[in-house]
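Peer 1: Okay, here's the structure, questions in a sec.
The values are calculated or read from the model by the stated rules, or taken from the named source; none is laboratory data. None of the values given here were measured: they were computed from a predicted structure. Cβ: placed from backbone, ideal geometry, glycine included. Neighbour counts: every protein chain shown. Keep in mind that these areas ignore ligands, DNA and RNA; they rest on the heavy atoms of the full protein, side chains included. Shrake-Rupley method; radii C 1.70, N 1.55, O 1.52, S 1.80 Å.
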Amino acid sequence: MDQGDTVNPDPRRSLPSVDKLSREVVRACPDLPEWAVVAACRSVLRSARDEAETLVSRGADGSALAEFSATAWSARVAVEADRLAGPHPRRVVNATGVILHTNLGRSPVAAGAVEAAADVSVGYSNLELDLASGRRGHRLSAISEKLCLLSGAPAATAVNNCAAAVLLVLNTLARDREVVVSRGELVEIGGSFRVPAIMERAGVKLVEVGTTNRTHPRDYAEAIGPDTALLLKVHRSNFEQRGFVTDVELAELVEIGREYGLPVLEDLGAGTLLDLGSRGLPADAYAPGRIALGADVVCFSGDKLIGGPQAGIILGSEEVIAAAKSNPLARALRLDKMTLAALDWTLARMLDGTAQRELPLLSMMLEDLPSIEARAQQLHERVASLAGDGVRITIEKDRVPIGGGSLPGVEFESRALAVVSTRENGSADAIMRRLREFDPPVLARVRDDAVCIDLRTLRNDDLEVAAKALEAALSE
Ligand SMILES: *Cc1c(COP(=O)(O)O)cnc(C)c1O
């Protein structure tokens, strides 16, 4: 064989076997569980073989092949195994200032609510047992009672989330019939919740009325026919309309409903059970107020402005709630005991007037500016020594939306630590990345090229974590 015929060896031959590679990684990283190492070996070797095939098909030269053979596969496997074995979701520190951050799990749940959930799920519970009579009880009875006490609604229930609540009510009240809704309210609430799609899956026929920006009472009246079963109002949770806009208010819609003998369902999304109108929240977020205005059914989320676990709360008349509960879909959408216990605990704190102290959501939302300012000072002092030499750390005014696709246009005043670095590796993106790599990861925001650590969502317990994360992020 002469020089010209030298065939580069097949790079796939240089790859170790799963057995050999996993033994190597287990020896080097004894903390990684073996199942994760083996799975990671398989996936790393699979993509390595693909890489090799690409190299061969492109006729890669000797040095590219040598580089491939020299790859530290075990290091790649360790990273992948660590990812696989790690918990998900894991705790992160929210320094974005956005209280209901969709990507960060919306509302935090109170420690007491979590304890209540743990208490009934580590062992047994009276989930469906009436202790007084020893007979079968209903899993939702206590929640329903508390919801009625809080809201003044005649009846109430709860399901898995607000999307499920809307699906259940539509299907219960209007299956195979028509539901009238304004074109200005055919909204998408992020990801997969689109009002027309939910209506289709609920088996109801959508009748759109009005235009994107203007809907009048007569539009509803004209659309109502013998097949109409329900009038639907959807809260525009994540956008505002300004300018040449007319909406039919709930009270007007209720009037139309009464006139034609049709129930009105409001999908409120971000609803509260405490009247926080005087604390900067819009009056229409107060769910009991919507019942008082005559809505027959109101649906909203448990993990938005309630500050509880994920749930879909339904308030309404006895007739409607009873029908919804006996719909077979209710079983498919029902809450589990952990969520029930956490929601029950959360509602009880609202009834006994300790919600603001006990629920993290409310304490964050209602914390006054001087208190936030004081905590900003505290963090600033703690990290002051990191400034200088190209790094500037200042306290800045901040305004943050509540987030979670809730209450568009409502912003909270806040204070943030603004960090700007002109050092190498000091770009805002690089600092943000290192903050995310910290354990626990710290999530901040970038504003005008500064990394902003907002104090409204940064709990006292997390001040030290944020300080250490900044230290690590600025030391590279
Ligand atoms: C958020 C929202 C929903 C979806 O609520 P989930 O609890 O996430 O299912 C539905 N409708 C409106 C108007 C919302 O704001």
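Residue by residue, here is whether (1) open to solvent by 30 Å² or more (accessible area, probe 1.4 Å); (2) touching a strand residue (DSSP E or B) at 6+ places or on another chain (Cβ under 8 Å) holds:
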| position | (1), (2) |
| --- | --- |
| 79 | yes, no |
| 98 | no, yes |
| 113 | no, no |
| 130 | yes, yes |
| 144 | no, yes |
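Peer 1: Another one. For the range 149-205, how many residues are outside any loop (DSSP other than H, G, I, E, B), within 13 Å of the ligand (Cβ to nearest atom) and aliphatic (A, V, I, L, M)?
Peer 2: Residues meeting the conditions: 15.
Peer 1: In the list 332, 342, 311, which residue meets the criterion of being closer than 25 Å to residue 128 by Cβ, within 16 Å of the ligand (Cβ to nearest atom) and free of Cβ contacts under 8 Å to residues at least 12 places away in the same chain?
Peer 2: Selected residue: 332, the only one of 332, 342, 311 that is closer than 25 Å to residue 128 by Cβ, within 16 Å of the ligand (Cβ to nearest atom) and free of Cβ contacts under 8 Å to residues at least 12 places away in the same chain.
Peer 1: How about the range 231-268: which of its residues are open to solvent by less than 30 Å² (accessible area, probe 1.4 Å) and either away from the ligand (no atom under 16 Å from the Cβ) or of a type in the set (D, E, K, R) (or both)?
Peer 2: Once the filter is applied, which keeps residues that are open to solvent by less than 30 Å² (accessible area, probe 1.4 Å) and either away from the ligand (no atom under 16 Å from the Cβ) or of a type in the set (D, E, K, R) (or both), the range 231-268 yields 233, 248, 254, 256, 257, 262, 266, 267.
Peer 1: Show the residue pairs that are 6+ apart or on different chains and have beta-carbon atoms under 6 Å apart, the first residue being within the range 256-283 and among the hydroxyl-bearing types (Ser, Thr, Tyr), the second being within 14 Å of the ligand (Cβ to nearest atom).
Peer 2: 272/285; 272/305
Peer 1: Being among the aliphatic types (A, V, I, L, M), open to solvent by less than 50 Å² (accessible area, probe 1.4 Å) and assigned by TED's automatic domain parsing to the domain that holds residue 302, is that true of even one residue in the range 133-140?
Peer 2: Checked the range 133-140: at least one residue is among the aliphatic types (A, V, I, L, M), open to solvent by less than 50 Å² (accessible area, probe 1.4 Å) and assigned by TED's automatic domain parsing to the domain that holds residue 302.
Peer 1: Report, by residue number, each residue of the range 269-294 that is in a helix (DSSP H, G or I), among the hydrophobic types (A, V, I, L, M, F, W, C) and within 16 Å of the ligand (Cβ to nearest atom).
Peer 2: 285, 287
Peer 1: Could you check residue 410 against (1) under 30 Å from residue 236 (Cα atoms); (2) buried (at least 23 other Cβ atoms within 10 Å of the Cβ) and say which number it fails?
Peer 2: Of (1) under 30 Å from residue 236 (Cα atoms); (2) buried (at least 23 other Cβ atoms within 10 Å of the Cβ), only one is false for residue 410: (2).
Peer 1: Shifting gears a bit: Taking residue 292 as meeting all but one of (1) touching a strand residue (DSSP E or B) at 6+ places or on another chain (Cβ under 7 Å); (2) surrounded by fewer than 19 Cβ atoms within 10 Å (Cβ to Cβ); (3) small (Gly, Ala, Ser), write down the number of the exception.
Peer 2: Of the numbered conditions (1) touching a strand residue (DSSP E or B) at 6+ places or on another chain (Cβ under 7 Å); (2) surrounded by fewer than 19 Cβ atoms within 10 Å (Cβ to Cβ); (3) small (Gly, Ala, Ser), the odd one out for residue 292 is (1).
Peer 1: Hey, another quick one. Just to be sure, is residue 456 closer than 13 Å to residue 476 by Cα and either modelled with pLDDT of 95 or more or open to solvent by 50 Å² or more (accessible area, probe 1.4 Å) (or both)?
Peer 2: no
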